[in-house]
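Heads up, the thing below is written out as structure tokens.
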Amino acid sequence: MKRIITFIAVVVITIGVMAGTSPWLISKIELGLDLKGGLEILYQATPLENGAKVTKESLTQTALSLEKRSNTLGGTEPEVTTEGTDRIRIKIPGVANSEEVRKKLSEPATLTFRSKDGTETDANQYNKIELIGSDFAENGASITYDQLNNPQISIKLKSKDKFAEVTKRLSANASGSAERKLAIFLDDQLLSAPEVQQELDQGTAVITGSYTLDEAKDLRDTINLGALPLKLTEKYSQVVDATLGKLSLHQTLLAGTIASVVILLFMMIIYHLPGVIASFTLISYVWLMLLVFHFAGVTLTLPGIAAFVLGIGMAVDANIITDERIKEELRSGKSIMSAVKAGNKVSFRTVMDAHVTTFIAGAVMYWMGTGSVRGFALVLMIDIVVSIITNIFFSRYLLVLLVKGNVIKKPGLLGVKESEIGAL
């Protein structure tokens, strides 16, 4: 009786938790570009200067520049990743004007240091370009700290003489502190406007101010990426309409739902009570997958949904192998308890071997693949781990509770007819 109560409690609590949280989980799942609609571009980075090389650092910083730019072009939550040694892939959901975005993103980030020349009408405008990105040493900006342990940005230039001339002229300006400022711009966005107080003739300078550590890091990264001599060439692009994405999502979910219902009916008809348990654990598997997607921040794409549906089939395989072994043990004349124990033991290694080898294949795909291949592989690996938890351990736990609770008294409940026992 105790085991029957435990079985009922586990089932009821599990159903309650799944029913209560599933709508919330579904609403929180992040959809990929192919389901939400948007723009995807693959760039190849090449040096602007002859003889230069694309380094890992420069590629990463350029990807950061693309991400910052896409945030200002109407995109939402862009996904920017580096691939190989010289490629950058960017995905921007919800793009209204794809041609404008593609044009802006392919332009190199323009870093300029500007001053006032006295002719502007707006006192907040800096219209004289003193230094450009190529004047700075690559990765020449770094974080340092003053005597009070406040963060500041140290920068290094290529030409000592040029920097000395600019700083000498600005520091000698008697018109006011505003005219002594050397404003830092990325494209046309003002980032900072430090005041030059003296001539700097060593080719280095320190930008001070009331910066937090995060603000100082952002300014350092901006100066570094503005000094990168990289050119971006578009190798591939794809524009997905939001309506088409929704249609693809609905069609895929409908196909997955139909396949799942057919699988559940098949399990219950062929394997009787173990099939019912398998169907319940399959539903638990789907819920747990949604839970992992949410907390792991997985973005669901069409290949990901395909891997998800494939995972349902793999989970069914685990139950079928176990249930068939139990039926074979029953046909050999063993008792229900002995058949369940033997069937679980014999099938465990077969099922685990299949899952481990598939996981290895998924790991290799994730490591070697790019784009949608990596998405498919990631969902496949999550599939396998969740399937082991729900469709191996959880389903066996529930079946053993029923057997030990003396609920299953006849082989027919396990899909074996009385006439089949001893026929082997």
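The values are calculated or read from the model by the stated rules, or taken from the named source; none is laboratory data. Source: prediction; values computed, not measured. Positions of Cβ are backbone-derived with ideal geometry, glycine not excepted, and every protein chain shown enters the neighbour counts. In case anyone asks, the SASA skips ligands and DNA or RNA and just uses the protein heavy atoms, side chains included. Shrake-Rupley method; radii C 1.70, N 1.55, O 1.52, S 1.80 Å.
Here are some notes:
- Of interest is the spacing of the C-alpha centroids, which for the range 335-395 and the range 1-49 amounts to 19 Å.
- In this structure, the residue pairs whose Cα-Cα separation is over 32 Å, taken from Lys36/Lys231; Lys53/Lys217; Lys36/Lys235; Lys56/Lys168, are Lys56/Lys168.
- Partners of Lys345 within straight-line reach, counting lysines whose Cα lies under 29 Å from its Cα and excluding those fewer than 8 residues away in the same chain: Lys2, Lys327, Lys334, Lys404, Lys409, Lys410, Lys417.
- Angle between the chain longest axis and helix 213-226 axis [Cα atoms, degrees, rounded to 10]: 70
- Relative contact order, percent, the chain [alpha-carbon distance under 8 Å, six or more residues apart]: 19
- Modelled FRET efficiency - R0 41 Å, Met365 with Ile4, Cβ distances, 0.05 increments: 0.40
- Residues in the range 150-164 carry Karplus couplings, in order, of 8, x, 8, 10, 9, 10, 10, 10, 7, 10, 5, 5, 5, 5, 5 Hz; the curve used is 6.51 cos²θ - 1.76 cosθ + 1.60 with θ = phi - 60°, and Gly or Pro positions show x.
- Backbone geometry of the range 328-342 corresponds, through the Karplus equation with coefficients 6.51, -1.76 and 1.60 at θ = phi - 60°, to 3J(HN,Hα) couplings of 5, 5, 5, 5, 6, x, 6, 6, 4, 4, 5, 5, 5, 5, 5 Hz, x marking Gly and Pro.
- Accessible surface of the range 334-421, 1.4 Å probe, proportion on carbon and sulfur as whole %: 68
- In the chain, the calculated helix contribution to ellipticity at 222 nm averages -18500 deg cm²/dmol per residue, counting -39,500 (n - 2.57) for every DSSP H run with n ≥ 4.
- Probe 1.4 Å, accessible area per residue of the chain, Å²: 52
- Full-stretch length increase - Leu291, Asp218 - with 0.36 nm per residue and alpha-carbon distance subtracted: 22.9 nm
- Whole-Hz couplings from phi, Karplus 6.51/-1.76/1.60, listed for the range 259-270; x for Gly and Pro: 4, 5, 5, 4, 5, 4, 5, 4, 5, 6, 6, 7
- For the range 1-60, the set of GluC sites (Glu not before Pro) satisfying both a DSSP loop assignment and a count of at most 13 other C-beta atoms within 10 Å is given as Glu49.
- Under 5 Å between amide hydrogens, built in the peptide plane, is the criterion, and for Leu131 it picks out Phe113 among residues at least 5 positions away or on other chains.
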